[in-house]
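Novice: This structure is in structure tokens; I'll ask about it shortly.
Quick note: the coordinates plus some simple rules give every number you see, no bench work behind them. Quantities reported herein were computed from a predicted structural model and do not represent experimental measurements. Ideal geometry is used to build each Cβ from the backbone, glycine not excepted, and the neighbour counts take in all protein chains shown.
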Amino acid sequence: MNKVQLLLACLLLFSVNNTGKAQPAKWSLKNKVDLWTNNPALQHATIGVYLQDSETGEVLAHTDPQLSLVPGSTLKLITTATALEMLGPDFRFETQLAYSGQIKNDTLFGDLVIVGGGDPALGSSYFKEHYLEKHFLNDWIKALQQKNIVHITGNLVTDATIFEDQMIPNTWIWEDLGNYYGAGACGLSAFDNLYKIHFTSPKQAGQPTRIKYTEPFIPGLEFENQVKSSDINRDQAYVFGAPRSTKHTIRGTIPKGKNDFVIKASVPNPPFLLAWEFKNRMAEKEIDLDGFIQHQKRNAEHVTLHPLAQTVSPKLIEIIRVTNHESVNLFAEHLLKYLAWLTYGEGSTKKGIDVIADFWEKRGIGLDGFFLADGSGLSHFNAITARQVVDILYYMKTQSTKGNLFFDSLPYVPNGTLYFFNPLNFPGKSLRAKSGSMTRVRCYAGEIITRNNQQVLFAIFLNNFSCSQTEAIKLVEDLLVRIAEN
């Protein structure tokens with residue numbers, strides 16, 4: 001449909017009464033959605049839209065048929081809603097420092113063990129006040145000192161067996177794995193499972209760059225650096241490497257003429273890095289370790305452990321708020337696996353997907369066309385309908401006792417992932433939603449309050465559009481503005 005056709009379509013929305021005078025017909029949400037889906041920029045796209053009044057339950061407009069589409073990070077709404085319902089807002093994850101063997105005088109004759117409890121945020125930069133201002137590793141050192149331990153004859157053991165060994169879902173793509181947003185969920189994650197790589201680049205474009213150092217230092221990690229300098233003034237470098245691999249390749253470009261340019265990558269072995277950092281803290285306090293850093297294997301022989309210290313996470317609702325505001329894939333995957341462990345005693349992606357599907361099916365949500373591959377939406381194999389997302393939002397709005405907390409976890413314009421939208425179009429926090437984006441995918445879901453205070457739950461999914469991401473965002477914003485003005 002070209003601009004002339006679009007104008008004609010608008011003119012057809014006027015009717016003529018029996019006096020012969022032109023009168024404007026009701027400009028319904030359905031009219032707006034129909035015109036929007038016929039936009040020339042979307043002629044090759046697959047589109048899913050569903051709008052529902054959150055107070056009356058009336059379905060205001062929808063595309064037909066409701067297609068299963070890639071939701072991107074709007075899938076986090078489903079994962080976080082399920083976790084909030086099953087665990088409660090005040091739930092906290094626990095990480096334990098313990099020991100095996102016995103303490104005699106100032107010597108521990110046994111192993112020191114860090115037992116992971118699936119905490120997604122241990123040492124997270126999103127919760128500096130909780131973990132780092134009063135550093136949790138210092139608390140562990142104090143626990144040793146209170147027992148007068150200055151010598152450990154055994155090993156420093158990391159136990160991440162609450163989750164499966166495979167940190168990455170099967171369907172994540174190779175380009176994502178080594179980068180910070182593709183960090184895998186481990187039963188003993190720490191420091192957001194990311195590290196920083198510091199580069200220096202020459203003043204000329206197209207020349208090799210040099211890696212200065214990583215922060216923190218990760219022992220044994222090797223790089224094949226193929227990154228070149230560029231006239232493009234942004235990070236276009238990608239890290240390629242599998243979890244637990246010590247050899248990573250970095251490809252792409254960074255801006256030219258930089259003395260210290262930083263990119264972020266995913267830690268290949270989070271439990272090892274945590275143990276390494278703790279071992280260094282012990283050395284600074286002259287606590288000697290005779291043994292080595294070891295990883296507890298699943299189904300290992302049971303050993304009696306004695307607790308030394310316990311670190312608890314922030315409340316779940318705080319973790320959910322960060323997950324939805326900042327779209328943290330790692331946090332969402334942790335929630336998925338923890339729900340699996342809680343339900344089945346097996347902290348796996350597959351079992352977590354079963355938990356989510358079972359939970360919502362029992363609450364009357366139709367799951368035809370509901371296909372999950374992870375908990376964060378990073379997988380291209382996820383496919384759900386716009387209606388299913390709105391149905392879950394409607395449940396949280398009308399039936400959940402935690403609904404207000406859930407909706408408060410969504411960002412308002414221009415916060416979080418809604419920073420692209422013009423706040424003048426959505427004053428007074430009238431739009432709160434989760435976005436989802438990846439190559440040729442742009443999705444939004446949440447709640448919008450119209451100018452006449454009608455509360456509308458919505459999901460707008462765009463897949464395989466031929467326009468740019470910026471144009472797709474603008475199209476969605478324009479539709480949301482029209483909804484708000486209804």
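Novice: Enumerate the whole-percent occupancy of each 20 Å bin, from 0 to the last occupied one, for all C-alpha pair distances of the chain.
Specialist: Result returned by the calculation: 22, 48, 25, 5, 1, 0.
Novice: Work out from phi, with θ = phi - 60° and the Karplus expression 6.51 cos²θ - 1.76 cosθ + 1.60, the ³J(HN,Hα) of each residue of region 80-93, listed in order in whole Hz, and give x for Gly and Pro.
Specialist: Result, rounded to whole Hz: 6, 5, 5, 4, 5, 5, 7, 9, x, x, 9, 4, 10, 6.
Novice: Next question. Using the Kirkwood radius over C-alpha pairs as Rh, can you work out the diffusion coefficient of region 381-425 via Stokes-Einstein at 25 °C, viscosity 0.890 mPa s, in µm² per second?
Specialist: Roughly 199 µm²/s, to the nearest whole number.
Novice: Next question, about the same structure. If you take every residue apart from Asp90 with its C-beta less than 13 Å away from the C-beta of Asp90, what net charge results, scoring Lys and Arg +1 and Asp and Glu -1?
Specialist: Counting the neighbours of Asp90, the net charge comes to +2.
Novice: Same structure again: Rounded to the nearest 500, what is the 222 nm mean residue ellipticity of the chain from helices alone, with -39500 (n - 2.57) per DSSP H run of 4+ residues and division by all residues?
Specialist: -8500 deg cm²/dmol
Novice: Write down, largest first, the equivalent ellipsoid semi-axes of region 348-486 in whole Å, where each equals the square root of 5 times an eigenvalue of the alpha-carbon gyration tensor.
Specialist: Working from the Cα gyration tensor, I get semi-axes of 25, 20, 13 Å.
Novice: Restricting to Cα pairs below 8 Å that are 6+ residues apart, what does the relative contact order work out to for region 92-314? Please round to a whole percent.
Specialist: With pairs under 8 Å counted, the relative contact order is 29 percent.
Novice: Hey, another quick one. Using Cα-only point scatterers and the Debye equation, what is log10 of I(q)/I(0) for region 243-346 at each q in 0.10, 0.19, 0.24 Å⁻¹, rounded to two decimals?
Specialist: Those come out to -0.53, -1.39, -1.38, one per q.
Novice: Then there's this: Which net charge results for the neighbourhood of Ser313, defined as the other residues with beta-carbon distances under 12 angstrom from its beta-carbon, given Lys and Arg at +1 and Asp and Glu at -1?
Specialist: Taking every other residue near Ser313 into account, the sum is -2.
Novice: Along its principal axes, what span do the Cα atoms of region 92-314 show, with the longest given first and each in whole Å?
Specialist: Extents along the principal axes: 63, 38, 31 Å.
Novice: Over 25 Å between Cα atoms, which of Lys397/Lys474; Lys212/Lys285; Lys337/Lys474; Lys337/Lys434 qualify?
Specialist: Check vs 25 Å cut-off fails for Lys397/Lys474; Lys212/Lys285; Lys337/Lys474.
Novice: May I pose another question? For Lys32, list the aspartates and glutamates whose Cα falls under 14 Å from its own Cα; do not include residues on the same chain fewer than 8 positions away.
Specialist: Answer for Lys32, where 14 Å is the Cα cut-off: Glu477, Asp478, Glu485, listed by chain and number.
Novice: Evaluate the charge dipole of region 92-314 about its Cα centre and quote only its size in Debye, nearest 20, assuming +1 on the Cβ of each Lys and Arg and -1 on the Cβ of each Asp and Glu.
Specialist: 680 debye
Novice: Summing Lys, Arg as +1 and Asp, Glu as -1, what charge do residues with Cβ under 12 Å from the Cβ of Phe292 carry, Phe292 excluded?
Specialist: Counting the neighbours of Phe292, the net charge comes to -1.
Novice: So how far, in whole Å, is the C-alpha centre of region 344-413 from the one of region 51-116?
Specialist: 12 Å
Novice: Okay, next question. Considering amide H positions built from the backbone, and no H for Pro or chain starts, which residues 5 or more places from Ser230, or on another chain, come under 5 Å of its amide H?
Specialist: Counting only residues 5 or more places away or on other chains, the set is Gly206, Ile254, Lys256.
Novice: A further question follows. Just order 188-196, 225-233 by mean Cβ neighbour count inside 10 Å, highest at the front, would you?
Specialist: Descending packing order for the listed peptides: 188-196, 225-233.
Novice: For region 90-204, what number results from the quotient of the Cα radius of gyration and 2.2 N^0.38 Å?
Specialist: 1.35
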